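Throughout, read-outs are computed from the coordinates displayed, never taken from laboratory work. Values in this document were obtained by computation on a predicted structure and should not be read as measured data. With ideal geometry, Cβ positions are generated from the backbone for all residues, glycine too; neighbour counts draw on all protein chains shown.
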Amino acid sequence: MATLIKNIGTLAGILPADVLRLEGSAMNEVQSINNAYLIMGEGSIINFGQGQPSQPEESFDEVIDANGGYVLPSFCDSHTHIVYAGCRDGEFRDKIAGLTYEEIAKRGGGILNSADLLHNTSEEELYQQAMERVNEVIAMGTGAIEIKSGYGLTLEDEIKMLRVIKRIKESSPLTIKATFLGAHAVGRAYTGRQQEYVDHVCQDMIPAVAKEQLADYVDVFCDKGFFTIEQTAQILEKAAEFGIEPKIHANELDVSGGVQIGVKYNALSVDHLERTTPAEIEALRGSKTMPTMLPGASFFLGMPYGAAKEYINAGLGVALASDYNPGSSPSGNMRFVMAMGCIKMRLTPEQALNACTINSAYAMGVSDKVGSITIGKKANLIITKPIPSLAFIPYSHQTPIIKQIILNGKLI
Ligand SMILES: [Zn+2]
C-alpha cells in the first residue's frame, strides 16, 4: 500500500535522519525542494524528490494532488495541559479587570479552580472534553503533543487524568507523550503544608504512577509562589529512581533557578523562560536540555516574551509550544505560536518553523520519529493551498491555508 503526493509546490522541512535537534545558526535554514513528490506507505515516509517519481502514477494505490501547495511536517506541541474540565472564562474577566495570575491563584482561582472542576468530572466526561480539543489541534496541523497531568493534585485525581491521557494515546492518531505534574500547585487538602504535599508526591504519587506506567516524564512548577529548587530536586530524584526523565516549568514568574536544576537532572526541556539572565544561557550550553518558550502564555497574561533570539545567537536551540491550558493559554494553535515567534520574538519564519517542528519534537523525545521530512519518519504532514512563500504561513496567520492533514500516512 503506497500513496503518492504529486504536484507539491514546495516540500519543506527536510532533514537527515541523524539530526534530532537544531541549534544556533543551524536553525536559520529550512531545507526545501520545489516541484516535488513524496511517497508514503505503512504510515511512514518512503521517498521524496524533485519532479516525478520513477514509478508510473498508476502503480500507486492512492494519489493525492497537492496542486502546487506546500507540504510541511506537522507541528509538534511539546507542552500542553489539554486534559482539563470545563474552562476558566470567569477568571478571564478578573484578568481584564487587572488581577495578576498570582493574585487570582491566591484567591483560590487558577490551578486549584481547575482541580475542583476536574474532581467533579467523571473520567469518561473528561476524556470526551479533551478529545474535542485533540480534534481541534489536529485540524490546525498538530501531529504530536505532550500532555501533562497537574489538575488532579490528589493521588486519585492525578491517576484519573493520566488514565485519560493514556486513552487519548490509544484512540487518537496523534503521537502523544504523558507527563506527571503532581507538583503543579499544592493540593487543597495540604494548604499551608507545602513540604508535606511534596513528600506525598514523592512517597505516594510517583510510585503509583510508575506502577501503572502512566507517565513518560515528570514535571515540576519550579517558580516563585509554587515549588522551591530543593523541592524540585527532591521530586526529580524520586522520579529518577523509577527511570522517569524530567521536563521543568521554570522562570515564568521569576528567575527561579529552575533552569539550572533542570540541567543538573538532565531534563529533556526547561519550559517558559519568560525571564532569563545570562546565567540561564550558560547553564544550558552543552546540555541535552531544550529551552522551550510558550508565547501563548506571554500573550494571554501580558508577560515578557522569551528571549529566543539571544538563545539562538548563543548557539542554543529553541523550541516553541502552545502551553494549551485553561488559565494562561486557552489555545493550541501552533500556527499562531509560530506567528508570535516571528512577530513578538523576532525569529525568522525558518527559525520559527524549526522551533515548532524538529526542536519541539526533540523537547518531547520524539524527534527520531516525527518533526521533519525524513525517510522512515511517520508521514505526519500538512498540505497547504498554494501560498507565495514560507513566510506567508506566520505572516497571514489567520488565513485558512491548510488544505489537507495527513497523520500516520492517512488523510484525516
Ligand atoms: Zn505549562
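A few notes on this one:
- The simple spin-label model puts a point 7 Å past each Cα toward its Cβ; for LYS288 and GLN404 those points are separated by 3.8 nm.
- One decimal place: the segment LYS224-ALA189 gains 10.5 nm when fully extended, by the rule 0.36 nm per residue minus the C-alpha distance.
- Sorting the segments 249-261, 98-110 by their residues' average number of neighbouring beta-carbon atoms within 10 angstrom, most packed first, yields 249-261, 98-110.
- Every Cα-Cα pair in the stretch 42-123 was counted, and those over 21 Å apart are 60% of them.
- Counting all C-alpha pairs of the stretch 75-362, share separated by more than 29 Å (%): 26
- Per-peptide average of other Cβ atoms within 10 Å, ordering 30-38, 236-244, 141-149 highest first: 141-149, 30-38, 236-244
- Extension reserve of the VAL63-GLU124 stretch, reckoned as 0.36 nm per residue once the Cα distance is removed: 18.1 nm
- With a Förster radius of 45 Å applied to the C-beta separation of ASP199 and ILE96, the computed FRET efficiency comes to 0.70.
- DSSP finds beta bridges in the chain, and of those with both partners inside it, around 40 percent are antiparallel.
- One decimal place: the segment LEU20-SER44 gains 6.9 nm when fully extended, by the rule 0.36 nm per residue minus the C-alpha distance.
- For the stretch 74-197, the spherically averaged projection of the C-alpha convex hull amounts to 8.0 nm².
- Global geometry of the stretch 343-412, whether rounded, prolate or oblate, following the gyration tensor of its Cα atoms and the 1.5 cut on a/c: oblate
- Model label points for ASP116 and ASP89, set 7 angstrom from Cα along the Cα-to-Cβ axis, are 1.9 nm apart.
- Among the listed pairs LYS169/LYS385; LYS177/LYS224; LYS169/LYS410, those beyond 22 Å (Cα-Cα): LYS169/LYS385; LYS177/LYS224
- Debye intensity ratio in log₁₀ form over the Cα atoms of the stretch 1-54, taken at each q of 0.22, 0.31 Å⁻¹: -0.88, -1.19
- From helices alone, the chain scores -9000 deg cm²/dmol at 222 nm; the rule is -39500 (n - 2.57) for each run of n ≥ 4 DSSP H residues, then divide by the residue total.
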